[in-house]
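The values are calculated or read from the model by the stated rules, or taken from the named source; none is laboratory data. The shown structure was predicted, so the numbers you read here are calculated from the model rather than taken from an experiment. Methodologically, a virtual Cβ is constructed for each residue, glycine included, from the backbone with ideal geometry; neighbour enumeration extends over all protein chains shown.
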């Protein structure tokens, strides 16, 4: 084996390409649709999630690569040394296999639905009474909304909206001339039409109805062919911050441009005609053949969210069993402000309710003792109760400062709306920092209690979004730690005014400090291991892309440090390579909830360091964003987090492990079957029932049971 000194850690074979790794992640999402342990409708939803993911990937990542090629930028990326064109070729190869598997499973699941008397039919497959229903519906509800757009010298190819569904029509006029037209499918009409039919549920697709009756739009002409197509456009456009007098106005201009960005993908529904070429469209859209996806099925499978919702009304058993989150174990039924004065309060969503976070803001807005509320907002729900609380606080005369990140991708329009509304209510609204996105999740509430100013600080790994908190796993704390409170005040003053970067005592803030903190802790763990032989690093995140951090993890592995990585999505590090990463294990958990929490643990020979963060170990997070890495100081919370990490590392139901070639395989072992997410759901339900029965907080038995597990946890990690 090569000696450590002879190994070049820049070797491209030690890395996964960022974009190809993402495609592999979406493959794992599609695999969930194949997993029969998931309820039938949930399997359909995973196909919808994969489609939604892929749309954004094309609009941003693929679009960015295509822009590089257009600008003759041929520099190789810094890990696998692939050029932009080589990356597009690799994406195309792997993604086409994903799409093939996705639609193969779509047709299979439709067959399963038919076994439960649920049918998706073409109009000409309907029985007479249902055919008459859709005929009348087309005539009186659909036809009036349709506009055929002819294409000729006087009517150029229309500028079609991003992701809109359209029908391409070839016709022959009375003079025998071939003509073409486009009919845009109205986005405001329901795409899925339900027909009542005794015990059966029968659905037809809006585009299939329109194509079936398309002759009604071309009287006197012969329709030769009609098919559905869809264009995905470049949404990775630059926001011109230099010289912008008002970023809000600049964002509104940017949103108009995004709708008509260059085409990056063309999807064609070939169900009615597998021979469709699409050459006319590729020419008009100025795209390559590689950008065309011919699909044997309806386009845009995000419609399966709607289909699942409709079917679930009759078959609720085909969805995950609904569960009600428990109150946070470290809070129970206590008042959140009273509890935070005693000790740090920990939250783990969605297993523990997000409502206390909403109450934290709401109570602050109503309490006469509250002097100020300061908060960062990245993505919030469309009817956010937190926004309402902030407005009420400002209208009540409290000092309210809100950083609304206008550059939060695909939430720009929503955030512009909230920024205007908050300003009108009297809040001080700031939009972030030039060239940086403010991705940190922090709230500071200042109260005056007995003539003393008390800072209450909430720090989290996820957005202040009450809707996504039900499906994203995130963590956070509320603390009255004085040093963190002072750091929070300095953080907001730095964002809202003009001052030098603060010297933080407890927090670590990107773009200046987080990567350096990680590198320093890995170095310390290497040194500690060389002295004590017990080095251990555990990190959980969404994605790992930063080369400097990856190389340092390679060095830790070479020194013998055990490195366990739980990475849901992109991972540019290849584990298990002899002499390079043989002490590194990488798993990805894709399941019922979207794993979103970021946790970083360093053993340091028993002087443990545990952090939560809004940041992944990605270059963009640590260099191009304002992020916060915050320490967990409370020993009981540290214990809970270690137990949680071990629970995920023991998952052998939803975890996939990456091998030395970068390929993921389901974890298979002889251990007791463990689905970490379902384990926590059951624990949450059990704790909630305990509270309901006893009408008081009884969480010590849970904690003591967890404490007994801890010795086994650390022992098992070291043995591995």
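For (1) part of a strand (DSSP E or B); (2) free of Cβ contacts under 8 Å to residues at least 12 places away in the same chain; (3) more than 22 Å from residue 474 (Cα to Cα), each residue gets a yes or a no:
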{"residue": "383", "(1), (2), (3)": "no, yes, no"}
{"residue": "397", "(1), (2), (3)": "no, yes, yes"}
{"residue": "402", "(1), (2), (3)": "yes, no, no"}
{"residue": "406", "(1), (2), (3)": "no, no, yes"}
{"residue": "417", "(1), (2), (3)": "no, yes, yes"}
- Note on the structure: Only unsatisfied item for residue 324, checking (1) under 24 Å from the mean Cα position of the chain (by Cα); (2) farther than 30 Å from residue 60 by Cα; (3) buried (at least 21 other Cβ atoms within 10 Å of the Cβ), is (3)
- Which residues, taken from the range 247-276, are more than 25 Å from the chain's Cα centre (by Cα) and at pLDDT 80 or above? 268, 269, 270, 271, 272, 273, 274, 275, 276
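Within the group 324, 342, which residue is closer than 19 Å to residue 594 by Cα and not assigned by TED's automatic domain parsing to the domain that holds residue 188?
On the way: 342 fails: closer than 19 Å to residue 594 by Cα.
Criteria check complete, one pass: 324.
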- Query: Taking the range 190-205, which residues are closer than 23 Å to residue 116 by Cα and not in a strand (DSSP E or B)?
  - Reply: 191, 198, 199
- Qualifying positions in the range 210-228 - surrounded by fewer than 22 Cβ atoms within 10 Å (Cβ to Cβ) and either outside the structural domain of residue 186 (by TED's automatic domain parsing) or touching a helix residue (DSSP H, G or I) at 6+ places or on another chain (Cβ under 9 Å) (or both): 212, 213, 216, 217, 221, 222, 223, 227
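So which of 569, 560 is more than 32 Å from the chain's Cα centre (by Cα) and in the same structural domain as residue 655 (by TED's automatic domain parsing)?
Working: 569 fails: more than 32 Å from the chain's Cα centre (by Cα).
The match here is 560.
Can you pull out every residue in the range 496-515 that is assigned to a helix (DSSP H, G or I) and within 26 Å of the chain's Cα centre (by Cα)? Steps first, answer last, please.
Start the filter on the range 496-515 by keeping residues that are assigned to a helix (DSSP H, G or I), which leaves 496, 514-515.
Across the range 496-515, the qualifying residues are 514, 515.
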- Any chance you could count how many residues in the range 557-616 are part of a loop (DSSP other than H, G, I, E, B) and closer than 15 Å to residue 528 by Cβ? 6
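Does residue 424 qualify as being surrounded by fewer than 17 Cβ atoms within 10 Å (Cβ to Cβ) and more than 19 Å from the chain's Cα centre (by Cα)?
On the way: surrounded by fewer than 17 Cβ atoms within 10 Å (Cβ to Cβ): yes; more than 19 Å from the chain's Cα centre (by Cα): yes.
Taking the combined requirement at face value, the residue satisfies it.
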- Query: Which condition number does residue 573 fail, the rest of (1) out of contact with any helix residue (DSSP H, G or I) (no Cβ under 8 Å at 6 or more places or on another chain); (2) within 30 Å of residue 47 (Cβ to Cβ); (3) surrounded by 23 or more Cβ atoms within 10 Å (Cβ to Cβ) being met?
  - Reply: (1)
- Task: Scan the range 125-138 for residues that are modelled with pLDDT under 95 and under 22 Å from residue 220 (Cβ atoms) and jot them down.
- Result: none
- Message: So, in the range 333-354, how many residues would count as being surrounded by fewer than 16 Cβ atoms within 10 Å (Cβ to Cβ) and under 20 Å from residue 686 (Cα atoms)?
- Response: 1
- Screening 383, 411 for residues that are surrounded by fewer than 23 Cβ atoms within 10 Å (Cβ to Cβ), under 21 Å from residue 616 (Cα atoms) and at pLDDT below 95 leaves only 411
- Might you let me know whether the range 488-500 holds any residue that is more than 30 Å from residue 21 (Cα to Cα), modelled with pLDDT of 95 or more and in contact with a helix residue (DSSP H, G or I) (Cβ under 8 Å, 6 or more places away or on another chain)? no
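Taking the conditions exactly as written (assigned to a loop (DSSP other than H, G, I, E, B), more than 20 Å from residue 400 (Cβ to Cβ) and touching a strand residue (DSSP E or B) at 6+ places or on another chain (Cβ under 7 Å)), does residue 476 satisfy them or not? Step through it out loud before you land on a result.
On the way: assigned to a loop (DSSP other than H, G, I, E, B): no; more than 20 Å from residue 400 (Cβ to Cβ): yes; touching a strand residue (DSSP E or B) at 6+ places or on another chain (Cβ under 7 Å): yes.
No, not satisfied.
Tell me the helices (runs of 4 or more DSSP H) entirely within the range 1-115 that contain at least 2 residues that are in the same structural domain as residue 230 (by TED's automatic domain parsing) and at pLDDT 95 or above.
Details: elements: 18-34, 40-57, 63-70, 84-114.
Because the criterion is at least 2 residues that are in the same structural domain as residue 230 (by TED's automatic domain parsing) and at pLDDT 95 or above, the helices (runs of 4 or more DSSP H) in the range 1-115 that meet it are 18-34, 40-57, 84-114.
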- Which residue pairs have Cβ atoms closer than 6 Å, lie 6 or more positions apart in sequence or on different chains, and pair a first residue in the range 151-173 that is assigned by TED's automatic domain parsing to the domain that holds residue 301 and without any contact (Cβ under 8 Å) to a residue 60 or more places away in the chain with a second residue that is surrounded by 14 or more Cβ atoms within 10 Å (Cβ to Cβ) and assigned to a loop (DSSP other than H, G, I, E, B)? 151/157; 171/218; 171/221; 173/221
- Task: Look through the range 137-182, keep the residues that are over 41 Å from the mean Cα position of the chain (by Cα) and outside any loop (DSSP other than H, G, I, E, B), and return whichever of them is surrounded by the most Cβ atoms within 10 Å (Cβ to Cβ).
- Result: 171
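Collect the residues in the range 658-671 that are at pLDDT 95 or above and surrounded by fewer than 18 Cβ atoms within 10 Å (Cβ to Cβ), keeping them in residue-number order.
Here is the first cut: in the range 658-671, the ones at pLDDT 95 or above are 658-667.
If the condition is that a residue be at pLDDT 95 or above and surrounded by fewer than 18 Cβ atoms within 10 Å (Cβ to Cβ), then 659, 660, 661, 663, 665, 666 are the ones that fit.
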